[in-house]
Amino acid sequence: FSELGIPGYSFADLHEPERLASLHDRFCEEVSNADPALWQKWQAYAQAPDAVRSPVETSNLLVAMGRHVSAFVNRLFSVGGEARVIDRRTRDLDDLFRFKVDFVRRRALPLLKAGAHVERSAEDDGIVARLVGDVDGDFELALARAGCGLLDLEKTDKAAVTPPIEALKRWCAARVHDRAYRSWVVFRFPENLDYWHLVETTQTLQIMFGPDWRQRRRDGFTLTDPRMTAREALSEIHYCVLCHDRDKDSCSKGLYEKDGKVSVNPLGIELAGCPLDEKISEMHLLRKQGDAIGPLALITVDNPMCPGTGHRICNDCMKSCIYQKQEPVNIPQIETGVLTDVLALPWGVEIYGLLTRWNPLNVRRPYALPYNGRNVLVVGLGPAGYTLAHYLVNEGFGVVGIDGLKIEPLPAKFVTEPIREWSDVYKRLDERVLEGFGGVSEYGITVRWDKNFLTLLHITLERRRNLKMFGGVRFGGTVPIEDAWAYGFDHVAMATGAGRPTIIDMKNNLIR
């Protein structure tokens, strides 16, 4: 575990501010030699990030540099082979999304206009079966590749491919709305938004319920929402119009009226975009191109604690998506998908952790600073508290975080040894012990959300040398404010959120 893929650096070095500074210098030297033109522009940006410049120019710089960060981290952790697998799998699905747009949307869907219905045909089934041939598993992708092949042949011999194309059009049209094909991304198209009927329901007397096909049965305390597959997340990325290159990325920056005021949707919700100004469209572009680490580096510039956001947690970006009259791009699913893509790599936990301490894309704080002698007491270790603690430690402060909940100790090996496989950390939710870390994210969110992400954050912060966290401590009781000054704290930061947890008041209420 001692040596990394870049000579002269070890896993231990990745936790030392001085060595992170050295690693940053190494990265800068390599980029300046490999791409002098980009490096010259990047230096100007890094030296004056607030200077007046086009947002599109900044976005293009971040995307270009994100590729270099990805390549550097691939070498550092020797995961280039696994990263190429992600790239290949991404490219393998290109035919899927081409077929969805160029064939299903433009040729099959018109057959269903004005409520028209297309019946299944044994003849069409036979033609499509011969067209696709023997398939070992992924019939959807095989169908898409066959369809793209017909589109290519049509350019040179239209007459020869017209009969199979017509049969394939009817075959697809007959299945677009078939629930049996609900998992197929080629048949998943956005529906128009009705702000007064956002959720499909049926009402009988005083009872309101949703459609049977949308039900997810709760099975004990296991995760009830396993999130989108990589294919489904890529489908959402292909649905995104990637508008950062026109400075129209409202998901990040918000929607505004001509007078400069924030737009409001029909429900009265302000469309201010991501509260963190996350580089969303830029992230989508890199992931669409087959990269995994580059997109995560872009996320962690503005949202280093991203395991605590994303799917099932926040959706301000979706509300402000450029699609306002139809279903928006599911950005939280994509963000969490990018994180899990990296976690699935060897040393994925270490890669994420490094990007919270060292990230060249974050020109204002590219690496954590050494201890500056100042100490802060952070009261509350929910999302606000642990995020504040992260930023303070990166700025060089000594931090002690306290929380009223009992914080369970992590296995020593997770804190002291590098973690090669995320699966070594991951627990089924019905087996995972309540850790107490994370505040409302731990005690106030149901099994719709994967609380293993809290464990990832807990590990990442527990490893920080200048951060100590203690549970079962009530500020004002166990620690009066006078004692805080006596202990040597220079500042007390209140991050207690809603205050007392809404936990049922009964004996042994925190046991499994």
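What to note about this one:
- Residues satisfying the stated conditions in segment 281-303, i.e. under 19 Å from V363 (Cβ atoms) and either among the hydrophobic types (A, V, I, L, M, F, W, C) or surrounded by fewer than 24 Cβ atoms within 10 Å (Cβ to Cβ) (or both): M283, L286, I293, L296, A297, L298, I299, T300, V301, D302, N303
- Residue in segment 44-58 that is on the phi < 0 side of the Ramachandran plot, exposed (fewer than 15 other Cβ atoms within 10 Å of the Cβ), part of a strand (DSSP E or B) and modelled with pLDDT of 95 or more present: no
- Residue tally, condition open to solvent by 10 Å² or more (accessible area, probe 1.4 Å), within 17 Å of the chain's Cα centre (by Cα) and either of a type in the set (V, I, T) or at pLDDT 95 or above (or both), over segment 432-450: 0
- Selection within segment 277-313 - of a type in the set (S, T, Y) and assigned to a loop (DSSP other than H, G, I, E, B): T309
- Answer residue from segment 192-227, given it is aromatic (F, W, Y) and open to solvent by 60 Å² or more (accessible area, probe 1.4 Å) and is modelled with the lowest pLDDT among those: W213
- For F453, the stated conditions do not hold, so it cannot be described as open to solvent by less than 40 Å² (accessible area, probe 1.4 Å) and either without any contact (Cβ under 8 Å) to a residue 24 or more places away in the chain or part of a loop (DSSP other than H, G, I, E, B) (or both).
- Members of segment 88-104 found to be part of a helix (DSSP H, G or I) and either surrounded by 15 or more Cβ atoms within 10 Å (Cβ to Cβ) or not charged (D, E, K, R) (or both), listed by number: T90, D94, D95, L96, F97, R98, F99, K100, V101, F103, V104
- Residue check, A230 within 27 Å of P328 (Cβ to Cβ), in contact (Cβ under 8 Å) with a residue 60 or more places away in the chain, open to solvent by 40 Å² or more (accessible area, probe 1.4 Å) and of a type in the set (G, A, S): yes
- Breaking point among (1) within 33 Å of the chain's Cα centre (by Cα); (2) free of Cβ contacts under 8 Å to residues at least 12 places away in the same chain, for A146: (2)
- Residue match in segment 259-266 (condition: in contact (Cβ under 8 Å) with a residue 24 or more places away in the chain and buried (at least 18 other Cβ atoms within 10 Å of the Cβ)): no
- Per this entry, C274 is counted among residues that are assigned to a loop (DSSP other than H, G, I, E, B), within 21 Å of S54 (Cβ to Cβ) and at pLDDT 95 or above.
- Qualifying residue in segment 408-422 (condition: farther than 22 Å from T309 by Cα, out of contact with any Asp or Glu (no Cβ under 6 Å at 6 or more places or on another chain), polar (S, T, N, Q) and without any contact (Cβ under 8 Å) to a residue 24 or more places away in the chain): yes
- Looking only at segment 1-25, and only at residues there that are crowded, with 16+ Cβ neighbours inside 10 Å and more than 28 Å from the chain's Cα centre (by Cα), the one that is nearest to G396 (Cα to Cα): R19
- Of all residues in segment 267-281, those being more than 14 Å from C317 (Cα to Cα) and either touching a residue at least 12 places away in the same chain (Cβ under 8 Å) or touching a Pro at 6+ places or on another chain (Cβ under 7 Å) (or both) number 1.
- Considered as a group, the residues in segment 169-191 that are aliphatic (A, V, I, L, M), touching a residue at least 12 places away in the same chain (Cβ under 8 Å) and out of contact with any Lys or Arg (no Cβ under 8 Å at 6 or more places or on another chain) include one that is surrounded by the most Cβ atoms within 10 Å (Cβ to Cβ), and that residue is A173.
The values are calculated or read from the model by the stated rules, or taken from the named source; none is laboratory data. Just so you know, these numbers come straight off a predicted model, no measurement behind them. With ideal geometry, Cβ positions are generated from the backbone for all residues, glycine too; neighbour counts draw on all protein chains shown. For the accessible areas, the whole protein counts, side chains as well, though only heavy atoms, and no ligand, DNA or RNA atoms are used. Shrake-Rupley method; radii C 1.70, N 1.55, O 1.52, S 1.80 Å.
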